[in-house]
Each structure stands twice: as structure tokens, then as C-alpha cells.
1. Can you confirm whether segment 82-94 contains a residue that is crowded, with 18+ Cβ neighbours inside 10 Å, closer than 30 Å to residue 196 by Cα and either within 12 Å of ligand 2 (Cβ to nearest atom) or under 12 Å from the mean Cα position of the chain (by Cα) (or both)?
2. Just to check your reading of the model, which residue among 56, 64 is in contact (Cβ under 8 Å) with a residue 12 or more places away in the chain and either over 15 Å from residue 127 (Cα atoms) or in a helix (DSSP H, G or I) (or both)?
3. Which condition from (1) in contact with a strand residue (DSSP E or B) (Cβ under 6 Å, 6 or more places away or on another chain); (2) more than 12 Å from ligand 2 (Cβ to nearest atom); (3) outside any strand (DSSP E or B) is the one that residue 44 breaks?
4. Among the residues of segment 88-117, write down those that are in contact with a strand residue (DSSP E or B) (Cβ under 8 Å, 6 or more places away or on another chain), without any contact (Cβ under 8 Å) to a residue 60 or more places away in the chain and closer than 29 Å to residue 53 by Cβ.
5. Collect the residues in segment 95-147 that are touching a helix residue (DSSP H, G or I) at 6+ places or on another chain (Cβ under 8 Å), under 13 Å from residue 29 (Cα atoms), in a loop (DSSP other than H, G, I, E, B) and within 13 Å of ligand 2 (Cβ to nearest atom), keeping them in residue-number order.
Ligand code: ADP
Ligand code: 5GP
């Protein structure tokens with residue numbers, strides 16, 4: 001009978017890929033949250049484009065419609081309700097939530113675990129419900145809440161993006177009011193007024209996690 005000690009190495013690594021324990025995750029996990037339209041994606045993309053740290057953004061999954069200019073597998077994975085439910089049932093999601101009361105959004109584990117095992121930092125740009133779940137699953141993650149300098153500025157940014165109908169804008173503003181009340185749950189709050197300053201602040205916080 002073969003003892004476990006003689007297991008070939010690739011079996012161990014494929015096991016780890018399927019069932020990674022916390023100690024296998026050397027790349028830090030960064031959760032960036034905050035109201036829709038506050039500039040989370042812009043700040044995170046700017047930081048990643050600096051290429052100053054080995055990190056990537058997890059491409060999450062959603063059942064919402066694709067916006068103009070968005071790309072499958074880059075902005076999101078656009079799934080049907082059935083595909084999303086199948087992934088939940090197969091325990092393939094790290095977390096998921098119904099956001100703005102209608103669409104499903106969630107993080108596939110495959111977007112996170114293998115990269116963290118390889119030492120790459122992973123950024124999740126997710127809503128506050130998802131952030132709370134990830135904090136529970138991974139207490140050593142860094143959680144950052146991004147806010148706009150005021151509610152009026154937030155509304156102007158949402159409208160300025162020009163991607164949503166009036167009904168969706170109103171829904172997003174209603175969600176934003178509830179989300180803002182949960183800012184204190186996060187490790188840090190960044191006010192995204194000057195974009196360069198917000199990017200520099202996030203870079204500093206993330207860099208600390210690599211040290
Ligand atoms: P989120 O990912 O939080 O929903 P986006 O990154 O899509 O938000 O940004 C919403 C809009 O605000 C975009 O049009 C973006 O260009 C703009 N924006 C982001 N950050 C700033 C900033 N610091 N100053 C002015 N406009 C900004
Ligand atoms: P949008 O439709 O504007 O792209 O995103 C709406 C909200 O869903 C944003 O707050 C965004 O951060 C959040 N979101 C995106 N992906 C995920 C995810 O995988 N999980 C959760 N919980 N929220 C997500």
C-alpha cells in the first residue's frame with residue numbers, strides 16, 4: 001500500500017487548488033467596496049495599470065445586462081440565472097449577493113484561490129453584503145470602503161457615466177444610502193475626490209499587505 005508521503009507532487013498541488021487552506025494563500029486578498037458610481041473600478045484599474053505590485057482584479061459574475069463598452073471575461077462574466085444558480089449549487093462561488101434588489105453578482109472561487117496560492121494579490125470590487133461575507137471567510141483580508149466627497153457628487157458621477165436608466169439610477173442611489181451607513185465595518189475609508197490621491201492611498205494600503 002502506498003503511503004501519503006509518496007504521493008506525487010502534482011497530486012498535492014491539484015488537491016490544494018481544489019481545497020486550499022488559509023496557509024496556502026500567500027497573495028493578499030483586498031476587498032474594495034462602496035456605492036455604485038463612487039469610482040471604485042476607476043481607482044482599482046488605475047492602481048493595476050501602475051503595475052507596481054503583483055496583483056489582479058477578480059472578474060466577477062453577474063446576471064445583469066452587459067453595458068456598452070463592457071466585455072465578457074474582462075468587465076464581468078455575464079451569466080444567465082440558471083448558470084449562476086448552478087455555480088452556487090456546485091459550491092463554486094466564494095460569495096454572492098442580490099444587488100440593487102434585482103441582479104445576482106458573485107465571485108467565482110476560480111478567480112481568487114489559484115492566484116493567491118501563486119502569490120498574486122487579488123482585488124475584489126464588490127458590494128457591502130459580499131464584503132461582509134468575505135471578511136467572515138477570510139479575516140486577514142484588507143477591506144476598503146470608497147466614498148465620494150458628497151452625495152451630490154456621487155449622483156453626478158452616476159449620471160455622468162451615462163450607463164443607466166433613470167429607474168436604475170434611483171435604485172442605485174437608494175442602495176447607496178444603505179451602504180454608506182456600513183462604512184464603519186471596513187478597515188479603511190478612502191474619499192475619492194482627487195483620483196491620483198485616492199489611487200496613491202489605496203496603493204499604500206495594499207503595499208503594506210505584501211510586506
Ligand atoms: P464604480 O465602479 O464605483 O461604480 P466607476 O469607476 O464606474 O464607479 O466611476 C463612476 C464615474 O465616476 C465614471 O464616469 C468615472 O470616470 C468617474 N470618476 C471616478 N473617479 C473620479 C474622480 N476622482 N473624480 C471625478 N470623476 C471620477
Ligand atoms: P455594477 O452593476 O455597477 O457593475 O455593479 C453593481 C454593484 O455590484 C457594485 O457595487 C459592484 O461592486 C457590485 N459587485 C460586482 N461584482 C460583485 C460580486 O462578485 N459580488 C458582490 N457581492 N458584489 C459585486
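Each value in this text was obtained by applying a stated rule to the coordinates, not by laboratory testing. Because the structure is predicted, anything quoted here is derived from the model rather than measured. Glycine also receives a Cβ, built like all others from the backbone with ideal geometry; neighbour counts cover every protein chain displayed.
1. Checking segment 82-94: not a single residue is crowded, with 18+ Cβ neighbours inside 10 Å, closer than 30 Å to residue 196 by Cα and either within 12 Å of ligand 2 (Cβ to nearest atom) or under 12 Å from the mean Cα position of the chain (by Cα) (or both).
2. 56
3. (2)
4. Hits for segment 88-117 are 92, 93, 94, 95, 96, 97, 105, 106, 107, 108, 109, 111.
5. Result: 126, single match.
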